[in-house]
Amino acid sequence: MLSHEQNAELTRVGAGTPAGELMRRYWQPVGPAAELTAENPKKKIRVMGEELVLFRDGSGRFGLVEEQCCHRSASLLYGFVEEDGLRCPYHGWKFDCTGKCIEMPFEPKDTRLINHVRQRAYPVRELGGMLWTYMGPGEAPELPRWAQLLRKDGVRRIDVLPLLDCNWLQVMENSCDPCHTYYLHAHTLVLKGKGDMGTYYYRPIEKMHFEIVEEANWVGVRKQRIYGGDEAEEEDGHPVIFPNFLLSPQREHLVMHMRLPVDDTHTQIYRYQFTPTEDGSEVPQPNQVPFQNVPPLRDEYGVYHMNSFASHDAMAWETQGAITDRSRENLGVSDAGIALYRRLLREQIKRVQEGKDPKGLIRDPKLNEYIDIHVSTGQARVARDQKRQSA
Ligand code: FES
Ligand SMILES: [Fe+2]
């Protein structure tokens, strides 16, 4: 149980809030690069409560700027993308990808104003077909080079899920909650006659136990279901990479769930799917990673379809409330992972408040050449195997 103040501290993501400042220390995913095309080179996005415009200029550089123009606040979303930047639709001030003003058409040629104004902007990088931004202070840490983003022995796809109407922490707490699969996913599917999809998780409860471990190595939480009795089996783990990623094996795919806090009451999930080739052989990689928008998980009346893992989870997360009231909860022993994740979160918030780097940031490029977190054991490996890296 958390007081209202404690709940606010862990959930709110606006600039200046404790969790918001923590999340701003990590590179955040802001969408598939393939979404920005020559025909549609700009897009409005909201990240941690900030209204922004993401664009790709005529030379292929990515920019992320505050939506409201620093001249007189018109929306840059309606601006014109040019070779070297984005021009405001109101009076034509032009900004480059770093937010520097490079043209003020109606000001005197020798105006000094142009050197004084700056559009708020955040750096954007592309890796593995995703765009990433860093919205924190100071020098950005390394953008993590996770194996899934770099491997060449398979194909990738990005699923953009419908925007969730709930706070990001509900989604992350679920990632540390190994018991939820039994009823929410398996039981639901078996009752719907889709046992083939659900039976894996549908084993006698008394023979099931869970292991939840904090992984200091790469900073995260690994949860694992262990099945006993005749069906003794240790399921692959589902490591949470702190603070807002989950790795999970799904049949032949390896999925990285990336959870972007859009604002306090909305979360965007990108399901980044990597399908390795059976024999481990490398395949030619396309210029861009394809993406698809996942259709709504609810019908026109707002009723959840309950026919997929995604709709089950969305039902659970959204019905908890936009920001669930944790003063009403009653945690049990089986909620150990949730308590563990909250402790991690509190500790990292404190580190940021003390002026330290939170855990999990990588500052040394040598430790960021290729990060392979094994789903089965949760072990992280920093490999320098050039063969497996993309250029
Ligand atoms: S409001 Fe943008 S140029 Fe005037
Ligand atoms: Fe789930």
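If you go through the range 63-85 and pick out every residue that is within 11 Å of ligand 1 (Cβ to nearest atom) and in contact with a Pro (Cβ under 9 Å, 6 or more places away or on another chain), you end up with 6. Any residue at all in the range 65-78 that's part of a loop (DSSP other than H, G, I, E, B) and over 24 Å from Thr111 (Cβ atoms)? Checked the range 65-78: at least one residue is part of a loop (DSSP other than H, G, I, E, B) and over 24 Å from Thr111 (Cβ atoms). Within the range 248-274, the set of residues being at pLDDT below 95 and among the charged types (D, E, K, R) comprises Arg251, Glu252. Residues considered: Tyr122, Tyr182, Tyr202. Of these, the only one that is within 30 Å of Trp93 (Cα to Cα) and among the aromatic types (Phe, Trp, Tyr) is Tyr122.
From the list Glu103, Glu107, pick out the single residue that is over 27 Å from Ala34 (Cα atoms) and touching a strand residue (DSSP E or B) at 6+ places or on another chain (Cβ under 6 Å).
Details: Glu107 fails: touching a strand residue (DSSP E or B) at 6+ places or on another chain (Cβ under 6 Å).
Among Glu103, Glu107, only Glu103 is over 27 Å from Ala34 (Cα atoms) and touching a strand residue (DSSP E or B) at 6+ places or on another chain (Cβ under 6 Å).
Can you name every residue in the range 280-305 that is in a loop (DSSP other than H, G, I, E, B) and touching a helix residue (DSSP H, G or I) at 6+ places or on another chain (Cβ under 6 Å)?
Result: Gln288, Leu297, His305.
So in the range 152-181, with the set limited to residues that are of a type in the set (A, V, I, L, M) and part of a loop (DSSP other than H, G, I, E, B), which one is nearest to ligand 2 (Cβ to nearest atom)? Here the residue is Leu161.
Which is touching a residue at least 24 places away in the same chain (Cβ under 8 Å), away from ligand 2 (no atom under 16 Å from the Cβ), of a type in the set (A, V, I, L, M, F, W, C) and in the same structural domain as Met208 (by TED's automatic domain parsing), of Ala310, Ala336, Ala316? Before the answer, list the steps.
On the way: Ala310 fails: away from ligand 2 (no atom under 16 Å from the Cβ); Ala316 fails: away from ligand 2 (no atom under 16 Å from the Cβ).
Residue meeting the stated conditions: Ala336.
I need the full set of residues from the range 157-188 which are free of Cβ contacts under 8 Å to residues at least 40 places away in the same chain and of a type in the set (A, V, I, L, M, F, W, C), in order please. Step through it out loud before you land on a result.
We begin by selecting, within the range 157-188, every residue free of Cβ contacts under 8 Å to residues at least 40 places away in the same chain; these are 182-183, 186-187.
Selection gives Ala186 alone.
Kindly indicate whether any position in the range 288-297 is within 16 Å of ligand 2 (Cβ to nearest atom) and without any contact (Cβ under 8 Å) to a residue 60 or more places away in the chain. Can you show your working first?
Restricting attention to the range 288-297, the residues satisfying the condition of being within 16 Å of ligand 2 (Cβ to nearest atom) are 294, 297.
Narrowing the set further to residues that are without any contact (Cβ under 8 Å) to a residue 60 or more places away in the chain leaves none.
For the range 288-297, residues within 16 Å of ligand 2 (Cβ to nearest atom) and without any contact (Cβ under 8 Å) to a residue 60 or more places away in the chain: absent.
Residue-level analysis places Gly16 among those that are free of Cβ contacts under 8 Å to residues at least 60 places away in the same chain and of a type outside the set (Val, Ile, Thr). If you take the residues in the range 28-56 that are closer than 14 Å to Ala121 by Cα and touching an Asp or Glu at 6+ places or on another chain (Cβ under 8 Å), which one is farthest from ligand 1 (Cβ to nearest atom)? The qualifying residue farthest from ligand 1 (Cβ to nearest atom) is Arg46.
Condition test on Asp196, is it assigned by TED's automatic domain parsing to the domain that holds Met256, outside any helix (DSSP H, G or I) and either of a type outside the set (S, T, N, Q) or buried (at least 19 other Cβ atoms within 10 Å of the Cβ) (or both)? Spelling it out, it is not the case that Asp196 is assigned by TED's automatic domain parsing to the domain that holds Met256, outside any helix (DSSP H, G or I) and either of a type outside the set (S, T, N, Q) or buried (at least 19 other Cβ atoms within 10 Å of the Cβ) (or both).
Applying the set (1) touching a His at 6+ places or on another chain (Cβ under 8 Å); (2) at pLDDT 90 or above; (3) part of a loop (DSSP other than H, G, I, E, B) to Leu184 leaves exactly one unmet item: (3).
The values are calculated or read from the model by the stated rules, or taken from the named source; none is laboratory data. What you are looking at is a predicted structure, and each value in this text was computed from that prediction instead of being measured. Positions of Cβ are backbone-derived with ideal geometry, glycine not excepted, and every protein chain shown enters the neighbour counts.
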